[in-house]
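Bear in mind that the values in this text are calculations on the coordinates, not laboratory data. In this text, all values refer to a predicted model and were calculated from it rather than measured experimentally. With ideal geometry, Cβ positions are generated from the backbone for all residues, glycine too; neighbour counts draw on all protein chains shown.
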Amino acid sequence: MKLSFVVPCYNEAENVALFQDAVIAAFSGCGYDYEIVFVDDGSKDATYHNLKKIHASQRCPVKVIRLSRNFGKESALYAGLEHADGDYISLIDADLQQRPEIVRDMVATLEENPEYDIVAAYQDRRGEGKVLSFFKKSFYAIINRLSDVSLRSDASDFRTFRRSVAESLLAVGEYHRFSKGIFAWVGYNTHFIPYVAEPRKAGTSKWSFRKLMNYAIEGIIGYSTKPLRIATGIGTLTAISAFIYLLVVVIQKLAFDIAIPGYATIIVLILLLGGVQLLCIGIIGEYVGRTFEQSKNRPIYLAKDILTYKNEDTD
Ligand code: UDP
Ligand code: MG
C-alpha cells in the first residue's frame, strides 16, 4: 500500500523543508510506503532551490514538478495528481496549516471503511474576519441555490482519497478548475472529519479579496447556467413593465389628454434599460468567455522540470 501527498507550493521556501520533516515524523514506522509530490507553482522565491535540496537529500521518496509559471493552486493540484501513483492520495497545503498527522487518521479511516472513498476535512473553527466570513456564507448560499452540485461551506481541499477518485478527478479536464465543485461533481462517498487549521508556519496567504471574488464567480458560472435564466427573467420583466407603461401613457394621452412630462422619465428609463442590458450581456459574456477558453483546449499546466526518484532529473 502506498500513500502520495500532493503538495502545491507557491512561494513556500521556508515551509517545504518543515513540511517534509513533519511528514517524516508522522509517517516513519507507519508500515506503508509514502511519497511526497511537491508542485512548485511558479514560485518567485527559493522554493524550487529548496525542493531540489530536499529531493537530493533522499530522506524519503520525493517528486518535484516545477510549473513553467504560476498556474494557480487548482492547476498545481492537477499536475500533482498526474504524477502521484499511490493507492491513496492526499491533497495537503505546504504551509503546515493542515497537519500531516491527520492524514494518518484519514488513511486509517479509508482502510477500515471500504464504503468510504474520500475522507475530507472541514474547518472546525475559522480564524477569519467577520467581513470575509459574511461573504463566504453568502457565496455558498448563492451557489447552492443556483447550481446543480451542493457544496459545504466549511469543506477544504484537505482530502485523502482512493486511486479511483484521483482517476476521476483527472478525467475532469476542464480548464477553469474549481476543485470544490469538481469534488461535488465526481460524487463518491465522502466522509467528513473536523480539523482545526493551524496558523501558517511562514510566508503569507495567497488569497486576496479579489482572488476570492474571482473564485466565487468561477464556482457559480462553472456549475450553473441559472444566471442566464435570470438574465432572461430580468429581460422579460422589463419588457412587460415597459409594455404596461406604454398602455398607461397612450390611455392618458388619448382618453384624458394629459400632457406627459418626458425628460426625467426618459433619462431614467434609458439608464435603467442600458444598465439591465449591460448586466445581461456581461452574464452571457462570462459564459462565452469560458466556452472560448475551453475550446482552445490548452493544457491545464506546463511543467518546466520534473524530478522523480526512479529516474533522476528528467529535465
Ligand atoms: N498555492 C499554489 N498556487 C497559488 C496559490 C497558492 O500552489 O497560486 C498553494 C500554497 O503554496 C499553499 C496552498 O496552495 O500550499 C494554499 O494556499 P494558502 O495557504 O495561500 O491559502 P489559505 O491556506 O490561506 O487558504
Ligand atoms: Mg494556507
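Set Lys and Arg Cβ to +1 and Asp and Glu Cβ to -1, take the dipole of the stretch 17-64 about its Cα centre, and tell me which of 37, 56, 27 lies farthest positive. Positive-most Cα among the choices belongs to 56. Label reach from residue 237 (point 7 Å along Cα→C-beta): in the stretch 135-149, amide nitrogens under 20 Å belong to 139, 141-147. If only the Cβ of Lys and Arg carry +1 and only the Cβ of Asp and Glu carry -1, the dipole of the chain around its Cα centre is close to 1040 debye.
Taking the C-alpha atoms only, the angle from helix 47-57 to the longest principal axis of the chain is near 30 degrees. Take the residue pairs 53/211; 44/206; 2/304; 2/206 and return only those whose Cα atoms are more than 21 Å apart. Listed pairs above 21 Å: 53/211; 2/304; 2/206. May I ask for the angle, rounded to the nearest 10°, between helix 100-112 and the longest principal axis of the chain, with both axes built from Cα atoms and the value confined to 0 to 90°? The answer is roughly 90 degrees. Rounded to the nearest 10 degrees, the angle from helix 13-27 to the longest Cα principal axis of the chain is 60 degrees.
Placing unit charges on the Cβ atoms of the charged side chains and taking the dipole of the chain about its Cα centre, the candidate lying farthest along the positive direction among 228, 118, 9 is 228.
Ignoring the sites themselves, the chain has its longest run without trypsin sites (Lys or Arg not before Pro) in a DSSP loop having at most 16 other Cβ atoms within 10 Å at 207-295.
For the chain, DSSP calls about 35 percent of its internal beta bridges antiparallel.
A viscosity of 1.002 mPa s and a temperature of 20 °C, combined with the Kirkwood radius over Cα pairs in Stokes-Einstein, give a translational diffusion coefficient for the chain of 96 µm²/s.
With each label modelled as a point 7 angstrom along the Cα→C-beta vector, the residue 124-residue 268 pair spans 5.6 nm. Give me the distance between the Cα centres of the stretch 172-244 and the stretch 60-75, rounded to whole Å. Using only Cα atoms, the two centres lie 24 Å from each other. When the Cα convex hull of the stretch 182-267 is projected onto planes of every orientation, the mean area is 11.9 nm². Size check on the stretch 1-72: the Cα extents along the three principal axes, sorted descending, read 37, 20, 17 Å.
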